[in-house]
Amino acid sequence: MIEVKDLAVTTGTFELRDINLSVQTGQYAVLTGPTGCGKSTLLETICGLNRLSAGQILINEKPVHQMPPAMRQIGFVPQDAALFPGMTVDKQIGFSLSIRKFERRRYQQRLDELLELLELRDLRARTPGGLSGGEKQRVAIGRALAFGPKLLCLDEPLSAIDAGMRERMVKRLQSIHAVEGISILHVTHYPDELKGIESVHCQMENGKLTMA
């Protein structure tokens, strides 16, 4: 279970305050709200990219808010995918396995699992310049999932793809959720696009969060 308790964070003139959020183990949680309300700031803070000024972030009752991002057992997919230029798809997905020094057999097994799950096997030798927006998002999701995080944080993963691809991506997210059994926190402007996924909804506005 992932818990955010009484969190406050300030970035420039913007402030999040008194944020409380709980995502149960294996739950799909959707965080929505207008542009500029603090959704991405909250997601980045949970992942360790912003310093909080008050509160706690816990995973299975263990505080992680003072840990560096790589130690939090959280996978993060930013809105722009942020793939490494010049690195092939299989190297992108295997990156977190390499830095964690996975044994070669485990590395290859996990890489093959994700290439299959995300339908990227035929693209494994391509670099980001040869990928579509939807393909880049799938690679970014694979990279975030590779090391087996407790929580997957998705920041507007469907915003840069067309309607047809968006529908296929929603089905793929359903498959990922079912196969990996992972907790997911998904930020979106348009929660209706996820109507096929059984989920809980949270609403953020003006730096405040409520259950929808």
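Throughout, read-outs are computed from the coordinates displayed, never taken from laboratory work. What you see is a predicted model; the values in this text were computed from it and never measured. Note that we place each Cβ from the backbone using ideal geometry, even for glycine, and neighbour counts take in every protein chain shown.
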> With springs only between Cα atoms under 10 Å, which of G48, G86, G38 fluctuates most in a Gaussian network model of the chain?
Replying inline: G86
>> Output the 0 to 90 degree angle, nearest 10, between the alpha-carbon long axis of helix 89-99 and the longest principal axis computed from the alpha carbons of the chain.
In response: 60 degrees
> Relative contact order (percent) for the chain, with alpha-carbon contacts under 8 angstrom and 6 or more residues of separation?
Replying inline: 32 percent
>> Could you list V139, V9 so that the one with the fewest beta carbons within 10 Å of its beta carbon is first and the one with the most is last?
In response: V9, V139
>> Out of the GluC sites (Glu not before Pro) in segment 117-178, which ones are loop residues according to DSSP with at most 15 other C-beta atoms within 10 Å?
In response: E119
> Looking at segment 108-209, which trypsin sites (Lys or Arg not before Pro) are in a loop (DSSP not H, G, I, E or B) and have at most 12 other Cβ atoms within 10 Å?
Replying inline: K195
> Among rounded, prolate and oblate, which fits segment 1-100 when a ≥ b ≥ c are the square roots of the eigenvalues of its C-alpha gyration tensor, a/c under 1.5 means rounded, and a/b larger than b/c means prolate?
Replying inline: prolate
>> Quick check on the exposure proxy: order H177, H186, H65, H201 from fewest to most C-beta atoms within 10 angstrom.
In response: H201, H65, H177, H186
> In sequence order, what are the phi-derived ³J(HN,Hα) couplings for segment 130-145 according to the Karplus relation 6.51 cos²θ - 1.76 cosθ + 1.60 with θ = phi - 60°, rounded to whole Hz, with x for glycine and proline?
Replying inline: x, 10, 7, x, x, 5, 4, 5, 5, 5, 5, 5, x, 4, 5, 7
>> Counting other C-beta atoms within 10 Å, and keeping those with at most 16, which DSSP coil trypsin sites (Lys or Arg not before Pro) do you find in segment 1-81?
In response: R51
>> Could you work out how much longer the chain between Q108 and E205 gets when fully extended? Use 0.36 nm per residue separation minus the Cα distance between them, nm to one decimal.
In response: 30.6 nm
>> Positive end of the dipole of segment 163-212, charges at C-beta (+1 Lys, Arg; -1 Asp, Glu), about the Cα centre: which of V170, V187, G207 has its Cα farthest in that direction?
In response: V170
>> If I stretch the segment between K171 and T13 completely, what's the gain in nm (0.36 nm per residue apart, minus their alpha carbon distance), one decimal?
In response: 53.0 nm
>> What whole-number distance in Å separates the alpha-carbon centres of segment 169-212 and segment 42-57?
In response: 19 Å
>> So I have (i) 1, 6, 9, 9, 9, 7, 7, 6, 6, 5, 5, 4, 4, 4, 4, 3, 3, 2, 1, 1, 1, 1, 1, 1, 0, 0; (ii) 1, 7, 12, 14, 13, 10, 8, 6, 4, 4, 4, 5, 4, 4, 2, 2, 1, 0, 0; (iii) 1, 7, 16, 20, 20, 16, 11, 7, 2, 0, and one of them is P(r) over Cα pairs in 5 Å bins from 0, in percent calculated from this model. Which one is it?
In response: (iii)
